[in-house]
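> Questions regarding the structure given below will be posed in turn.
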Amino acid sequence: MRPKKSLIYVFAILFLHFSPHHSFSFQKFISSSNTLNADDYPTIQKAVDALPDEGGTVFIPAGTYKISEPIIVDKSGVTLIGAGSGTILLNTSEEGKNTIELKGEETKPIWRVKVTNMHLKGNEKCGNAIYANHVNEISLSDMWIDYHGKSGIYLDYCYENPRVYNNNIAYNKEMGILIDGCHDIIVSANQMEENSIGVFAKDIFNATITGNNIDDHIKNCIYFVNALGSIVTGNMLENCKEESMILDEKCNGIVVTGNIFRQPGVLSVIKTQGVTITGNAFDMSRSNAIEVEESSLITVTGNIFNGGPESVDRIYGIVMKDVNDVSISGNTIAKPLEGGIYILGSENKYINITGNTIKNPSGKSPEEYSAILIQNTLHSIISHNIVIDDGETKNMKSAIEETGNSDYNIITYNRVNKGTSDSIVIKGKNTKKENNFVY
């Protein structure tokens, strides 16, 4: 523990740190009998233990504090606050121990715990930076969290209203943020880089993941399993090595809107029901930009698929397999390498593909890919789409292609540029092809 500092020094730091619009005033902070200076105690843990049962605040001044055993908070109403990036809690454990543990119980959770304004630094053999179990209304903000052997933040059944915001979370061996069994979640305005996965969440509902910049991850930017009633919006998801985002099994009622998916630019939806994907930009994808498998009640609307600068010129479209009750409308897909919209698999039903624009769907592989292809698809409609080959000659295989055991579909009012007599191909005896404009 560092030498004791005078109260004048502590108050000066607090005065400089807290602006007038902060949720509590400087005068209120210093007048509280429940505010302790960690430097007045042999260890930070001793300061935490000295707080009364109703909680209080432990201020940790600037300096490097070596942490070999977790700092444990097991009472409600506690705030741990540092002096900014100058307050460094350095986890020296090589036995997988966490830096901070916030611990309630299933039958007796703790409430309103806050950790803020410090740097949590680990090593490849330590545990999580913050592990929180059964902590309701937890608030984690304004921290630098890096180089831990496990995850940056692990929320374990912090059921009521957890908030994680304004953090820089980087170079942790597992997840940037791991969320398990929580609801009414806010994850906002964090910057994450080079963790294994940026945000991994399972068995959650009512989550808002918004305004985060998640870049350069070893696996994925965002990964949901069994997530219900949640929204992912306004995030930058860039340059991970696997899919940018995965909705994997039993997700339901998910909205993905206003995000940028860039390198690899891939959103994967697996065994899921009730997903809206709207208003996103897919840029420089490395494989199918949107992949949906064994899912239903899927809406994909108003997205743009763009290959980036001419030096890259790499984009893929939408591929779905074994899906039902799908609407794909109002999307613009420019120069996809392997077709625009493909519905594949053994059986698909009730697919509505309407009002999309697909440009040069097979520009780099002449006569190989169609703009729209439906395989083994029944009771569906393809209408009011624009399909364009804007080169000197026709490159696409077909504008619209029906294959396999497809039948009882309607293909109507589509506009095809550089079309020929085989630009719209049907297989089903009961499929209707009418009023299309091919020239």
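The values are calculated or read from the model by the stated rules, or taken from the named source; none is laboratory data. Small disclaimer: the values here were computed from a predicted structure and weren't measured. Backbone-built Cβ (ideal geometry, glycine too); neighbour counts: all protein chains shown.
> Looking only at segment 82-116, filter to residues that are small (Gly, Ala, Ser) and surrounded by 21 or more Cβ atoms within 10 Å (Cβ to Cβ); which one of those is nearest to GLY56 (Cα to Cα)?
Applying the first criterion (small (Gly, Ala, Ser)) to segment 82-116 yields 82-86, 93, 96, 104.
Applying the additional criterion that residues be surrounded by 21 or more Cβ atoms within 10 Å (Cβ to Cβ) yields 82, 104.
Numbers: GLY82: 14, GLY104: 17 Å.
Out of the qualifying residues, it is GLY82.
> What number of residues within segment 161-187 satisfy the criterion of being of a type in the set (Gly, Ala, Ser) and either buried (at least 19 other Cβ atoms within 10 Å of the Cβ) or under 12 Å from TRP144 (Cβ atoms) (or both)?
So in segment 161-187, the residues of a type in the set (Gly, Ala, Ser) come out as 170, 176, 181.
Retained after the next criterion (residues that are either buried (at least 19 other Cβ atoms within 10 Å of the Cβ) or under 12 Å from TRP144 (Cβ atoms) (or both)): 170, 176.
Of the residues in that region, 2 qualify.
> Inspect segment 19-40 for any residue being surrounded by 16 or more Cβ atoms within 10 Å (Cβ to Cβ), at pLDDT 95 or above and either assigned to a loop (DSSP other than H, G, I, E, B) or hydroxyl-bearing (Ser, Thr, Tyr) (or both) and give the result as yes or no.
Yes, segment 19-40 contains a residue that is surrounded by 16 or more Cβ atoms within 10 Å (Cβ to Cβ), at pLDDT 95 or above and either assigned to a loop (DSSP other than H, G, I, E, B) or hydroxyl-bearing (Ser, Thr, Tyr) (or both).
> With SER329, SER370, SER383 as the choices, which residue is under 21 Å from PHE437 (Cβ atoms), crowded, with 24+ Cβ neighbours inside 10 Å and among the hydroxyl-bearing types (Ser, Thr, Tyr)?
Sole residue among the options that is under 21 Å from PHE437 (Cβ atoms), crowded, with 24+ Cβ neighbours inside 10 Å and among the hydroxyl-bearing types (Ser, Thr, Tyr): SER370.
> Whether any residue in segment 117-127 is crowded, with 19+ Cβ neighbours inside 10 Å, touching a Lys or Arg at 6+ places or on another chain (Cβ under 8 Å), under 20 Å from ILE72 (Cα atoms) and not hydrophobic (A, V, I, L, M, F, W, C) is what I want to check.
Yes; the residues of segment 117-127 include at least one that is crowded, with 19+ Cβ neighbours inside 10 Å, touching a Lys or Arg at 6+ places or on another chain (Cβ under 8 Å), under 20 Å from ILE72 (Cα atoms) and not hydrophobic (A, V, I, L, M, F, W, C).
> Inspect segment 228-250 for any residue being part of a strand (DSSP E or B), over 13 Å from the mean Cα position of the chain (by Cα) and surrounded by 17 or more Cβ atoms within 10 Å (Cβ to Cβ) and give the result as yes or no.
As a first pass, look at segment 228-250 and keep what is part of a strand (DSSP E or B): 228-233, 236-238, 245-248.
Now drop any that are not over 13 Å from the mean Cα position of the chain (by Cα), which leaves 228-229.
After this cut, where a residue has to be surrounded by 17 or more Cβ atoms within 10 Å (Cβ to Cβ) as well, the list is 228.
Checking segment 228-250: at least one residue is part of a strand (DSSP E or B), over 13 Å from the mean Cα position of the chain (by Cα) and surrounded by 17 or more Cβ atoms within 10 Å (Cβ to Cβ).
> Also, quick follow-up: Among the residues of segment 157-164, is there at least one that is assigned to a loop (DSSP other than H, G, I, E, B), at positive phi and touching a residue at least 40 places away in the same chain (Cβ under 8 Å)? Before the answer, list the steps.
Keep residues of segment 157-164 that are assigned to a loop (DSSP other than H, G, I, E, B), which gives 157-159, 161-162.
Filter once more, so that each one left must be at positive phi: 157, 161.
The next check asks that each one be touching a residue at least 40 places away in the same chain (Cβ under 8 Å); those that pass are 157.
Yes - at least one qualifying residue is present in segment 157-164.
> Within segment 140-153, is even one residue among the polar types (S, T, N, Q), surrounded by fewer than 18 Cβ atoms within 10 Å (Cβ to Cβ), on the phi < 0 side of the Ramachandran plot and in a loop (DSSP other than H, G, I, E, B)? Spell out the reasoning first.
Taking segment 140-153 as the starting set, the residues that turn out to be among the polar types (S, T, N, Q) are 141, 151.
Next cut, surrounded by fewer than 18 Cβ atoms within 10 Å (Cβ to Cβ) only: 141.
Retained after the next criterion (residues that are on the phi < 0 side of the Ramachandran plot): 141.
Cutting the leftovers down to in a loop (DSSP other than H, G, I, E, B) gives us none.
No, every residue in segment 140-153 fails to be among the polar types (S, T, N, Q), surrounded by fewer than 18 Cβ atoms within 10 Å (Cβ to Cβ), on the phi < 0 side of the Ramachandran plot and in a loop (DSSP other than H, G, I, E, B).
> Here is a further query. Here are the criteria: (1) assigned to a helix (DSSP H, G or I); (2) of a type in the set (S, T, N, Q); (3) at pLDDT below 95. Tell me which single one GLN45 does not satisfy.
(3)
> A further question follows. Return the residues of segment 262-285 that are over 16 Å from ILE341 (Cα atoms) and over 16 Å from the mean Cα position of the chain (by Cα); say none if nothing qualifies.
Residues satisfying the conditions are LYS271, THR272, GLN273, GLY274, ASP283, MET284.
> Another question about this same structure. Within the bounds of segment 88-111, is there any residue that is of a type in the set (Gly, Ala, Ser) and in contact with a helix residue (DSSP H, G or I) (Cβ under 9 Å, 6 or more places away or on another chain)?
no
> Let me ask something else. Of all the residues that make up segment 61-81, how many are of a type in the set (Ser, Thr, Tyr) and crowded, with 16+ Cβ neighbours inside 10 Å?
The first filter runs over segment 61-81 and keeps only residues of a type in the set (Ser, Thr, Tyr), leaving 64-65, 68, 76, 79.
This time we only want the ones that are crowded, with 16+ Cβ neighbours inside 10 Å, so: 65, 76, 79.
Final tally of qualifying residues: 3.
> On the given criteria, is TYR342 under 27 Å from ASP407 (Cα atoms), of a type in the set (Phe, Trp, Tyr) and surrounded by fewer than 19 Cβ atoms within 10 Å (Cβ to Cβ)?
Criteria not met by TYR342.
> Any chance you could count how many residues in segment 242-283 are touching a Pro at 6+ places or on another chain (Cβ under 8 Å) and more than 22 Å from GLY345 (Cβ to Cβ)? Steps first, answer last, please.
Step one: list which residues in segment 242-283 are touching a Pro at 6+ places or on another chain (Cβ under 8 Å), which gives 242-244.
Filter once more, so that each one left must be more than 22 Å from GLY345 (Cβ to Cβ): 242, 244.
The qualifying residues number 2.
> Pairs under 7 Å by beta carbon, first residue on the phi > 0 side of the Ramachandran plot in segment 425-439, partner surrounded by 13 or more Cβ atoms within 10 Å (Cβ to Cβ) and in a loop (DSSP other than H, G, I, E, B), six or more apart or different chains?
Cβ pairs passing all conditions: ASN435/TYR413.
> Surrounded by fewer than 18 Cβ atoms within 10 Å (Cβ to Cβ), at pLDDT below 95 and within 30 Å of TYR159 (Cβ to Cβ): does that describe LYS219? Break it down into steps so the answer makes sense when it comes.
Working: surrounded by fewer than 18 Cβ atoms within 10 Å (Cβ to Cβ): yes; at pLDDT below 95: no; within 30 Å of TYR159 (Cβ to Cβ): yes.
Considered against the rule, which asks whether it is surrounded by fewer than 18 Cβ atoms within 10 Å (Cβ to Cβ), at pLDDT below 95 and within 30 Å of TYR159 (Cβ to Cβ), LYS219 comes out as no.
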